[in-house]
Structure formats: C-alpha cells, structure tokens
Amino acid sequence: MLGWYPGHMNKARRQIQEALPEIDVAVEVLDARLPYSSANPMLAGLTRHKPVLKILSRADLADPERTREWVAYFDSLPDTRALAVTTTNARELKRIPKLCHELAGQVRADRDVRVMVMGIPNVGKSTLINGLAGKAIAKTGNEPAVTKRQQKVRIAGRVALIDTPGVLWPKIEDQASAYRLAATGAIRDTAIDYVDVAVVTAGELARRYPEALKARYKLSELPPYAPNPQAEQVEADGPRRIDLLAVAGFDGHAILTEIASRRGGLRPGGEVDLHRGAEVLLHELRDGKLGRLTLETPADIPAPTEEEEPAAEATNNDGSGAHNSA
C-alpha cells in the first residue's frame with residue numbers, strides 16, 4: 001500500500017469539487033499504457049453525475065490492439081466516451097471539442113460548453129491543453145505535479161477548458177497498480193524502491209511482451225519464476241502482499257541482473273549493479289524503446305469488494321488522507 005497527500009493536491013481536490021456544479025463535461029486524461037492504474041478513483045467519485053470523456057494519452061507508446069480494447073471498454077460505460085490520442089498531434093485533438101458537445105447535450109446558444117480537464121500528474125494533461133489551445137498555456141514537464149493551480153482557457157469549437165492540477169489519491173491499495181505507475185514515471189522514483197520497481201516490471205514485461213524484451217536486451221531465454229522462500233515473510237503486524245513475480249510467472253530479478261550485466265552494470269569481481277539495470281529498463285520503457293507496450297488490459301481490473309468505500313469518500317472530511325506507506 002502506497003500513501004501520500006501533498007498539500008497542493010488536497011487544495012486541488014477542493015477546487016475541483018467547488019467548480020464541478022458549473023461544468024458540463026469532465027475530461028479525464030489517462031495514460032494509454034495503463035488506463036486503469038492511471039485513473040484516479042477519487043475523481044470518479046467526484047464526477048459520477050457528469051458525462052465523462054476519457055482521453056487515452058501517449059497512444060503512440062501504447063499497444064494499438066490493447067488500446068482498442070480499452071476504448072471499447074470505456075465506450076460501454078454509461079455517459080462515457082473514450083478517445084486515444086497522441087497529445088502532440090493536432091489533427092487527433094480536433095475531435096475533442098465535438099465529443100465534448102455530444103456529451104454535454106443541449107447548452108444555451110450564448111455560452112461555451114464548460115469542460116474540466118483532470119488527471120493524475122504526468123499523464124500528458126498539460127501537453128493536451130496546449131495542443132487544444134494551439135499555444136503554450138499550461139506548463140509541461142516530465143516530472144509529476146507540474147501544474148499547481150487551476151487555469152482557464154477558451155479553445156476553438158465553443159469550448160471553455162478549466163485545467164486542474166494533477167491530483168493523486170491518498171492511498172494506492174492495488175499493489176500491481178502502484179508498480180505500474182512507478183514504472184511509467186507517473187509517481188516519483190523515490191516513492192517505491194527503484195530496483196524493486198524494475199524487478200516487478202521485468203517480470204510483467206516477460207509475461208506480456210516476451211519477444212520485445214528478448215530482442216531489446218539480446219536475451220536468448222527468459223528465466224521462469226522460482227519461488228523465493230523469503231517472499232511470503234512479512235512483519236507480524238504488516239499486511240500480506242501479493243507475490244507479483246509469481247503472478248507474472250517470470251523471475252524479474254534474474255532478468256534485471258542479465259540486463260544490468262549487458263548494459264554497463266557489471267562491476268570488477270563479477271558484481272552486478274542492479275540499480276544500473278533498473279535505470280536502463282525503466283528509462284527505455286518510458287522512452288518507448290522497447291516498442292509500443294501496454295501494461296494492463298480491462299481484464300486486469302480487480303473485482304470490487306464489499307469493503308471498499310465509495311471513491312468520493314476516499315478522503316477524510318477535512319480533505320486529508322494517510323501519509324504513511326504501510
């Protein structure tokens with residue numbers, strides 16, 4: 001379980017909640033490589049009475065077949081449409097105002113359709129805003145939480161956009177989602193142990209895209225998972241964790257060791273620098289050098305449990321949340 005809640009994100013949540021009554025359509029920007037994990041359940045709760053347009057950004061980095069599955073899945077949900085785009089492609093972005101009008105339905109002829117753009121940090125939200133505006137309106141960057149305040153901009157097609165700061169939720173309960181977010185850089189590299197992220201990611205890539213992994217790092221074979229006797233040991237008062245490598249079926253540690261030894265991580269005496277291997281794997285994954293990959297499908301969405309609280313109530317009444325990792 002991963003927990004945080006920076007003050008500016010708590011403020012952004014309040015601003016979103018206050019502005020929503022005047023909004024016609026909510027646009028949530030998701031990373032096309034992980035549309036489930038990059039969706040903020042708190043936003044789902046806040047916008048549950050509004051039509052929603054899901055923008056799957058970075059579609060140029062994602063597996064096209066998996067992206068079609070995700071678009072079909074979102075289109076099947078009530079009051080929801082989905083569009084996969086490359087946020088720097090102006091031609092693709094031209095479809096967004098029309099979709100917003102279709103979702104909004106009838107609005108007064110003397111005003112624009114009011115659209116709020118939301119999403120977690122580092123999913124391409126600000127790049128999307130700039131592309132729709134045709135100029136640099138929102139600050140962009142490859143680090144999470146670049147946008148710090150709401151911004152308003154009018155775009156072609158009679159649409160008024162409100163850009164909001166990227167908002168994370170107080171806890172990531174799904175361990176697999178936490179690692180996927182970390183793998184793509186959606187959360188800071190210091191949030192979870194860097195090598196652990198690469199080990200889990202290597203195992204997942206071996207399961208989903210074995211040929212791409214072998215080709216990129218010239219691996220003749222991928223070692224299958226061998227149960228680690230220490231894997232199930234947790235502190236007496238700690239939660240039991242899923243063995244994600246066992247789920248993947250591949251030994252991510254062995255794969256990362258091989259990558260490190262082949263890409264500058266072999267030290268004198270035969271010692272392998274796993275951190276070097278982690279840097280290579282995660283940076284190249286984020287840069288698209290392993291090809292167009294998607295880290296989850298609609299089938300990976302966990303079934304809801306009776307114990308889950310409504311998403312809108314994910315924070316305390318004062319907007320605070322848990323800050324500590326469990």
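The values are calculated or read from the model by the stated rules, or taken from the named source; none is laboratory data. Every value quoted in this text rests on a predicted model; they were computed, and no experiment measured them. Note that we place each Cβ from the backbone using ideal geometry, even for glycine, and neighbour counts take in every protein chain shown. Heavy atoms of the whole protein, side chains included, go into the accessibility calculation; ligands, DNA and RNA do not. Shrake-Rupley method; radii C 1.70, N 1.55, O 1.52, S 1.80 Å.
What the table below lists for this structure:
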item: Placed amide H near residue 250: partners under 5 Å, 5+ positions off or other chain; result: 225
item: Inter-part distance where the stretch 103-119 and the stretch 30-69 are each reduced to a Cα centre, Å; result: 20 Å
item: With DNA, RNA and ligands ignored, accessible area of residue 218 (1.4 Å probe; Å², nearest 10); result: 150 Å²
item: Long-range HN-HN contacts of residue 272 with modeled amide H, under 5 Å; result: 267
item: Placed amide H near residue 84: partners under 5 Å, 5+ positions off or other chain; result: 56
item: Cut-off 14 Å between beta-carbons: net charge of the residues surrounding residue 34, Lys and Arg +1, Asp and Glu -1; result: 0
item: Exposure of residue 36 as accessible area (Å², to 10), given a probe of 1.4 Å and all protein chains; result: 70 Å²
item: Charge tally in the Cβ shell below 14 Å around residue 65, where Lys, Arg are +1 and Asp, Glu are -1, residue 65 excluded; result: +2
item: Neighbour net charge for residue 114 - beta-carbon separation under 9 angstrom, K R +1, D E -1; result: -2
